[in-house]
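Below is one structure, written out as structure tokens; comments come after it.
The values are calculated or read from the model by the stated rules, or taken from the named source; none is laboratory data. No experiment lies behind these values; they were computed from the predicted model shown. Methodologically, a virtual Cβ is constructed for each residue, glycine included, from the backbone with ideal geometry; neighbour enumeration extends over all protein chains shown. The protein model used for the area step is the full one, side chains on, heavy atoms only, and it has no ligands, DNA or RNA in it. Shrake-Rupley method; radii C 1.70, N 1.55, O 1.52, S 1.80 Å.
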Amino acid sequence: MRESIAHQIITLNLVAEGLAYDFYAIVNPKLAEVGLTPKGYWLVHQESDMEHQTLGLELIPECERNSLCGRGYTHTMWEVFSLFNQLLYSWSGMPVEHKPQLPTPIELGSYKGKS
């Protein structure tokens, strides 16, 4: 909430586009197995979600992971994924005590994988 409204909207949209892309990338082959590929409808969703995510990422300047800017991005993404995590668990009906904990922004910042 400390980021500008434009930054918040871009961040939320990027996460939604990424989740949709991941969903369709997994579901599309399964839909094809059962014959549910109406004129490529589902594939178009997968492709457009990836394109929208790429276009959104172009709006956010690059920075080094451990810079002030990079740590800010890490914190913002943690907040967004934390909210999505809470949303999905609220739909599941699972008891809160069974919900796995997300890594903290500090733990994410120490991740040594891809930037």
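The single condition from (1) open to solvent by 60 Å² or more (accessible area, probe 1.4 Å); (2) of a type in the set (Ser, Thr, Tyr); (3) touching a residue at least 12 places away in the same chain (Cβ under 8 Å) that Ser82 fails is (1).
The set of residues in the stretch 29-45 being modelled with pLDDT under 80, in a helix (DSSP H, G or I) and surrounded by 12 or more Cβ atoms within 10 Å (Cβ to Cβ) consists of Trp42, Leu43. Per the listing Ile10, Ile60, Ile26, the residue uniquely among the β-branched types (Val, Ile, Thr) and part of a loop (DSSP other than H, G, I, E, B) is Ile60.
With the structure loaded, tell me whether Ile60 is open to solvent by 70 Å² or more (accessible area, probe 1.4 Å) and modelled with pLDDT under 80 or whether it fails that test. No. Checking each residue in the stretch 27-49 for being in contact (Cβ under 8 Å) with a residue 12 or more places away in the chain and of a type in the set (S, T, N, Q) picks out Asn28, Gln46. The single residue among Arg65, Arg71 that is open to solvent by 90 Å² or more (accessible area, probe 1.4 Å) and touching a Lys or Arg at 6+ places or on another chain (Cβ under 9 Å) turns out to be Arg71.
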